[in-house]
Amino acid sequence: MKSPPRSLEIEPMRVEDIPVVLEVESLCFPTPWPRNAFQNELTDNRLAHYFVGRCGDEVVAYGGLWVILEDAHITTIAVHPRHQRNHFGERLLVALLEESIERGACWVTLEVRESNIGAQNLYKKYGFTIVNTRRGYYSDNDENALVMWAGNLKGEIFRNRLAVMKAGLD
């Protein structure tokens, strides 16, 4: 019998987290980001905000975004395959949306593989809609990316919906 997942503690990513993040990255994506990409995001990009999800001392998930004035862009979300289907990706998404709002964003965008129906459904659950297709966006197989967008983050309806969804995770 599978034991219930431990809680996920979300905190800012540190440079020391990069080696484990790279392990998760390589398990989740066919073309993983190199170490220096994460290093630069954490040390040089003042618009970047990255987080890790920990079960105890183990990093099992991570996500990041850029906030540029009123625009937020979710750059990545990943959950170690062993910990998927425990709502950890959803918890990270909520944290990224809250961070976007806290930093003054009015809307948020992201790209998702056309074949990743599970992620698309999660994003739709949180009010994202498909607004565009980027043909051949993913270099590993020329797969299209769907550009998804959610707006009015500062509005009462979005904030209330987010609060209700978050409460449902707890």
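Worth a mention:
- Within the stretch 116-136, being in contact with a strand residue (DSSP E or B) (Cβ under 7 Å, 6 or more places away or on another chain) and crowded, with 16+ Cβ neighbours inside 10 Å holds for Ala119, Gln120, Tyr123, Tyr126, Gly127, Phe128.
- From the list Val24, Val52, Val60, the lone residue that is outside any helix (DSSP H, G or I) and in contact with a His (Cβ under 8 Å, 6 or more places away or on another chain) is Val60.
- Pairs with Cβ under 8 Å, 6+ apart, first in the stretch 37-56 and in contact (Cβ under 8 Å) with a residue 40 or more places away in the chain and farther than 18 Å from Arg103 by Cα, second of a type in the set (D, E, K, R) and assigned to a helix (DSSP H, G or I): Val52/Asp17; Gly53/Arg91
- Flag for Leu22 being in contact with a strand residue (DSSP E or B) (Cβ under 8 Å, 6 or more places away or on another chain) and either at pLDDT 95 or above or of a type in the set (A, V, I, L, M) (or both): no
- Single condition Leu96 does not satisfy, out of (1) surrounded by fewer than 16 Cβ atoms within 10 Å (Cβ to Cβ); (2) closer than 22 Å to Ala167 by Cβ: (1)
- For the criterion of being modelled with pLDDT of 95 or more, more than 18 Å from Leu27 (Cβ to Cβ), out of contact with any Gly (no Cβ under 9 Å at 6 or more places or on another chain) and of a type in the set (Val, Ile, Thr), Ile74 fails.
- In the stretch 99-115 there is at least one residue matching the filter, namely being touching a strand residue (DSSP E or B) at 6+ places or on another chain (Cβ under 7 Å) and assigned to a helix (DSSP H, G or I).
The values are calculated or read from the model by the stated rules, or taken from the named source; none is laboratory data. Since we're looking at a predicted model, the values are computed, not measured. A quick note on method: Cβ atoms are made from the backbone with ideal geometry, for glycine too, and the neighbour counts reach across all protein chains shown.
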